[in-house]
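To start, the structure itself, in structure tokens.
The values are calculated or read from the model by the stated rules, or taken from the named source; none is laboratory data. Keep in mind it's a predicted model, so treat the numbers as computed, not measured. No Cβ is skipped: glycine too gets one built from the backbone with ideal geometry, and neighbour counts run over all protein chains shown. Protein only, heavy atoms only, side chains kept; ligands, DNA and RNA dropped before computing areas. Shrake-Rupley method; radii C 1.70, N 1.55, O 1.52, S 1.80 Å.
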Amino acid sequence: MGFLNYLIFRENYKREEFVLRENKRRECETALNAESLDVFGKKELEEEFRDCTAGDEILKKKISKDLELNIQVVKRIYKIPDNSDLVTRKFNITVKDKVLKGFIVFIDGMTDRASISNNILQPLMLLSNLDIRENIHDIGEFIYNRLLPFNQIKKVCDFKEITESVNFGGCAVFVDGLEYAFAADVKSWEHRGVDTPRSETVIRGSQEAFNEQLRANTALIRKILKDKDLMIESTTIGKRSNTPCAVMYIRDIANDSLVNEVLKRVKSINVDYIFDTGELEQLIEDNTFVAAPQIIATERPDRVATMLSQGNIAVILDGSPYVLVMPATVTEFLHTSEDTNIRYPYVNFIRVIRIIGVVIALLLPGLYIAVTNFHQEMIPTNLLFAIEASRENVPFPSVVEILIMEFSFELIREAGIRVPGAIGSTIGIVGGLILGQAAVAANLVSPIMIIIVAITALGSFSIPSFSMSFSIRLIRFAYIILGATAGFLGIALGLTINALMLAASKSFGVPFLAPFGPVTKEKYSDKLSRKPIWKQEYRPDYLNPKDIKSQSKISRSWAVKNDKSEGEDDED
């Protein structure tokens, strides 16, 4: 009976299946090639204008004196009222004995409605009725100078500027009889506040990090530098997204050719949408196929301010909490902002630890495979017997064994990042301890292999830059294969090829291995090691800054006993 009911139900219930059909963009030549905008009222073109999106031909049209025509154009551009978050409002403005019609448009959720009501609509609708004693020769200038007390307002003459302003959280005010409109910056949307850094934590130093708001990020940098020569050149990226972007530099320090190159690359990007500096980094970097990063991405305002003071350029993108700094060299990926805040003996010790960590993360698995497979004579006899005893019951070759463990660790690392924070640490413990111990007990891997993989992971964790750490993790697999194929000869061949590729790489005209390849002047004092802060008199010479000196030769004037006035610079 149940089977019969199933057959009857299946026979009677026939669901209409959805088919995703091809739907190309409509050809709008008829609408776009119209002689003038007054054809909007014609019935034969009503359908074309309704279905066609506004192209550059319509957006470049000048604003008309006819308010109703402007309203129709705005409704065509945003497809009002179908576009539900667009707010429009008609009102009247009284100027002496003359009544003018007005129209305002803005996007709900991106604007401050209180500012619109109190500083734009209320003055236009109420204050215009006050007794006016002066002679009015130009109504537009009178409205601009007397009836709009809002502090950020400008006149615009075409619809492209209107749409850019409205899309970025502004509002547009049209007045009947004026050939221009008023665009007010009233943006106010939900955003994350200034928080602590998450990927670049330090013990001693600033605890502020960038957020997703462009002007908040530029203000954080200006708060640190307070330099009148700090320049911020604004532009937009993306033909459709129009994402605001800011290029920052100090004009009397940064090299002009470097500034022009950065601006040229940023302004010449031809994409529809761009949302994050990760996309921007891939679009402006010199060589896409080099594993090592060529641009520094940081979430710390103090690090950006320090690099700007050296002559670097910073690029900030609205909507991204990471700022790009260029050019970048290999040594800067081993530095942190904390290095400037602690004494130089501690810094040098920590940097030695980081360099050792880089070598371990890059070469340790490959060297282990090379020694155990080809160069057993280099291993002490007792250690060799211990390694062979631990691998006696393991069925896999050592190269397969280490590849399994490396891939397993990468899976654990990725899983720990993607799951919620409360569970991420648990996954690391479960994967690192329980699964590792179970694999050893099941004779799938040897205990020495667990130690090699664990030390390699610790070495990769000591690298401050996430991008550089990722590239080293990727190249490590190549060294494992080379070590398993040709031993030390394969490792040496890999190092040679890797060094040649890095030596040939550049970041905005600066060699990636500078100041070591090619060797530059020895005046710069913050390379792999760091001199005391009172000896750091020069900026990086490979950046060719306009002002090479960053401080006086004698910066601690109190420590020098002479007849010169305090703070006077000595000649080199």
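Odds and ends about this structure:
- Residues that are modelled with pLDDT under 65 and of a type in the set (D, E) are absent from region 109-117 altogether.
- If you go through region 135-177 and keep only what is of a type in the set (F, W, Y) and either out of contact with any helix residue (DSSP H, G or I) (no Cβ under 8 Å at 6 or more places or on another chain) or surrounded by fewer than 16 Cβ atoms within 10 Å (Cβ to Cβ) (or both), you end up with F142, Y144, F168.
- Single condition L258 does not satisfy, out of (1) under 12 Å from the mean Cα position of the chain (by Cα); (2) buried (at least 17 other Cβ atoms within 10 Å of the Cβ): (1)
- Candidates A504, A438, A442, A457 - the one that is among the small types (G, A, S) and touching a residue at least 12 places away in the same chain (Cβ under 8 Å): A457
- Boolean, M110 is closer than 26 Å to D318 by Cβ, open to solvent by less than 80 Å² (accessible area, probe 1.4 Å) and not hydroxyl-bearing (S, T, Y): yes
- Against the list (1) free of Cβ contacts under 8 Å to residues at least 60 places away in the same chain; (2) touching a helix residue (DSSP H, G or I) at 6+ places or on another chain (Cβ under 8 Å), the condition S241 fails is (2).
- Yes/no for I284 being under 15 Å from M326 (Cβ atoms) and touching a Leu at 6+ places or on another chain (Cβ under 6 Å): no
- Any hit, region 71-89, residues being open to solvent by 60 Å² or more (accessible area, probe 1.4 Å), over 13 Å from T163 (Cα atoms), in contact with a strand residue (DSSP E or B) (Cβ under 9 Å, 6 or more places away or on another chain) and basic (K, R): yes
- In region 436-454, the qualifying residues are those that are among the aliphatic types (A, V, I, L, M) and surrounded by fewer than 16 Cβ atoms within 10 Å (Cβ to Cβ), and the one that is nearest to E406 (Cα to Cα) is A454.
- Output for region 373-414, where each listed residue is open to solvent by less than 60 Å² (accessible area, probe 1.4 Å) and either of a type in the set (F, W, Y) or more than 44 Å from the chain's Cα centre (by Cα) (or both): H375, I379, L384, A386, I387, S390, R391, V394, F409
- Residues considered: E68, E46. Of these, the only one that is farther than 30 Å from E190 by Cβ, over 40 Å from the mean Cα position of the chain (by Cα), part of a helix (DSSP H, G or I) and at pLDDT 90 or above is E68.
- Subset of region 458-514 (residues that are under 29 Å from I203 (Cβ atoms), of a type in the set (A, V, I, L, M) and either touching a Phe, Trp or Tyr at 6+ places or on another chain (Cβ under 8 Å) or open to solvent by 50 Å² or more (accessible area, probe 1.4 Å) (or both)): L458, I463, M468
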